[in-house]
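Reading through the structure tokens given below for one structure.
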Amino acid sequence: MEMTLAEIIQEKGTRICQIGPESSIDDAALLMKDERVGALLVMLDDEITGILTERDIVYRVLAERLDPAVVKVHEVMTKDVIVIKPALTIREAMHVVTEKRFRHMPVVSGNQLIGVVSSGDLTRRIAAEDEGVIHTLYDYIYGTYPG
């Protein structure tokens with residue numbers, strides 16, 4: 001049985017990197033660097049108002065030669081955030097990532113934000129599952145896996 005997003009979040013933890021909409025892009029970039037993440041959820045109280053990605057900063061601030069110390073997160077964030085349910089399987093979620101062209105998606109159960117998954121999280125899990133299948137098939141055919 002394929003792993004669900006709820007299981008991925010349980011495995012990786014529920015840490016959510018977030019920032020307020022009135023924060024500067026400078027502050028957001030420093031937070032991304034410190035947390036080693038490529039995206040921040042933009043939160044107002046408990047509500048997701050957007051997501052700020054490295055791409056948003058490069059395309060909408062730096063390439064436009066705007067001052068990151070002055071520009072506010074809400075001015076350049078992606079406002080149309082796609083949220084996904086924790087019951088989705090990894091491959092179902094990867095289909096959403098591919099179709100919608102988002103690399104980071106909040107996982108929401110009811111109205112509760114429970115975590116964020118990235119395309120990297122999904123890719124790593126799919127690769128691990130596929131490797132397990134390869135090992136099993138190799139063992140079945142040859143009796144032992146050389147790796």
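The values are calculated or read from the model by the stated rules, or taken from the named source; none is laboratory data. In this text the structure is predicted, and so the values were computed from the model without any measurement. Every residue, glycine as well, gets a Cβ built from its backbone with ideal geometry; the counts of neighbours run over all protein chains shown.
Here are some notes:
- The set of residues from the range 1-36 being without any contact (Cβ under 8 Å) to a residue 24 or more places away in the chain, of a type in the set (K, R) and part of a helix (DSSP H, G or I) comprises just one member, K33.
- Annotation note: of E11, E64, the sole residue that is among the acidic types (D, E) and over 20 Å from R124 (Cα atoms) is E64.
- Residue list for the range 58-76, filter: surrounded by 12 or more Cβ atoms within 10 Å (Cβ to Cβ) and touching a helix residue (DSSP H, G or I) at 6+ places or on another chain (Cβ under 6 Å): R60, V61, P68, V71, V73, V76
- Tally of residues being surrounded by 18 or more Cβ atoms within 10 Å (Cβ to Cβ) and more than 15 Å from R103 (Cβ to Cβ) across the range 33-42: 1
- Hey, T89 modelled with pLDDT of 85 or more and closer than 19 Å to V42 by Cα or not: no
- Listing of helices (runs of 4 or more DSSP H) fully contained in the range 37-133 that carry 1 or more residues being more than 29 Å from E22 (Cα to Cα) and free of Cβ contacts under 8 Å to residues at least 12 places away in the same chain: 90-100
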